[in-house]
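Single-structure report; data block below.
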Amino acid sequence: MSRRPATPSLLRSMNDRSALELLLRDGPLTRVGLGERTGLSKVTASQLLARLQERDLVEVVGTRSAGRGPSAELYAIRPGCSYSIGVDLNPDRVRVAVADVMGSVVGRVERSVNGATDPKRLIHDAAVTVTDEAGIELVAVDEVVIGMPGVVDPASGDIELSFDLPGWHRGLRDVLAADLGCDLTFENDVNLAAVAERAEGAGREVDDLVLLWVGRGVGLAVVLGGRLHRGATGAAGEIGYLPMPGVSAPARIDRPAEGAFQGLVGAGAVIELARQHGIVAADAADAVAVALAGGDGSERFLRVLADRLALGVAAVCAVVDPALVVVSGEIGATGGAALCELLAGGVRHIASVHPKVVPTAVDDAVLRGAVLTAVEKARRTLFSSSE
């Protein structure tokens, strides 16, 4: 295997990246503190900081007393050196947030899709609106990640199959990237929820977990060894297609709601189950909320719903044996700890696995996951660039 020679330029680039990552994690730091943590000499650390300041990546944010002699300047990454946009897209609405390089959200908007069939116009207008709210120019954005229901090619980051999104198809990634003038990637929405959960929610410090999404549709994300498992074609976790005893197989690949696991626990199935137990509700999530409040048929409804969910979860857990199952989505989040407890019991009755089952701990998990992913991508590009 050929290796890139360690030229002075490459070494400088590697030192710059190490310093930026250190400042991101532990900053602000003095020149001496940075040198001690990186093992660089005072002269080399000074030259490094000068380079990063020239590139507007680092700034002086204060001073620290050094005892005798002048105070030492404190250096930190300049938050505005890079901006990223995360998007949570579904057939009804689009939510967009823009964050600086530190991951802090500086602007957020939400709007109805209203049957819009022009993806380019929809995303462009949303991006302009959110950057205007943040007080920055669209050209300052380096990365966009769009979370959507569907299958995304893990190699290209382009759409392989979209659900309920007319006009969203393969090849759109390049069109949108060219229009916005930055890198752009699609990602499955449930995968992004798992990213957020592992970074900031119930899945922190857990290397093997699955996230079950129960909402309008049903989906699942798998994290193994601390890495999101997308599968060879990006379809890992499409649990809605899992065949179920007593439920007809879907007639078409783009209509999972007609059968299989989706037909058992999707929103339509939950509403019908609630009706059978005498629960009157506006939608599926409301049916769960009403049941949790008590009343005739409520306990039985929740138990049957949990048993249905356990069929799919147990099938997955029997294969990957995760330490944790996080339940998310509108219906799953509404069910909270009570539904999770019933679900855990149902899984134990079916398979010889005993994962801990907990509700989501992240609000707007898909959007947050999109932001975190976009910021991480932008950082890698920014920190890897040479002088």
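Between R12 and H354, the simple spin-label model (points 7 angstrom out along Cα→Cβ) gives 5.9 nm.
Nearest 5 is fine: what % of DSSP beta bridges in the chain come out antiparallel, could you say? Let's see the in-between values first.
On the way: 34 of 55 bridges.
Of those bridges, close to 60 percent are antiparallel.
So if I take the centroid of the Cα atoms in region 331-387 and the same for region 173-241, what is the distance between those two points in Å? So the separation of the two Cα centres works out to 9 Å. Computed from the Cβ-Cβ distance with R0 of 22 Å, the FRET efficiency linking A232 to D208 stands at 0.65.
To the nearest 0.05, how large is the calculated FRET efficiency for E36 and V280 if R₀ is 45 Å and r is the Cβ-Cβ distance?
Working: r = 66 Å, r/R0 = 1.47.
Taking R0 as 45 Å, the efficiency between E36 and V280 is 0.10.
Segment V139..A293, full-extension length gain: 50.5 nm, with 0.36 nm per residue of separation and the alpha-carbon distance subtracted.
Using the beta-carbon distance between D56 and R111 and R0 = 41 Å, what value does 1/(1 + (r/R0)^6) give for FRET efficiency, to the nearest 0.05?
Details: r = 32 Å, r/R0 = 0.79.
FRET efficiency, D56 to R111: 0.80.
Quote the Stokes-Einstein diffusion coefficient, in whole µm² s⁻¹, for region 204-361, based on the Kirkwood radius over alpha carbon pairs, a temperature of 20 °C and a viscosity of 1.002 mPa s. The Stokes-Einstein estimate is 137 µm²/s. Counting only residues at least eight positions apart within a chain, or on another chain, the lysines with an alpha carbon under 29 Å from that of K377 are K120. For region 204-361, what is the percent of antiparallel DSSP beta bridges, rounded to the nearest 5? Antiparallel bridges make up about 50 percent of those DSSP assigns within region 204-361. Over all projection directions, the Cα-based convex hull of region 8-77 averages an area of 4.5 nm².
Any read-out appearing in this document is the output of simple, stated calculations on the displayed coordinates, not a laboratory observation. Computed from a predicted structure; not experimentally measured. Cβ: placed from backbone, ideal geometry, glycine included. Neighbour counts: every protein chain shown.
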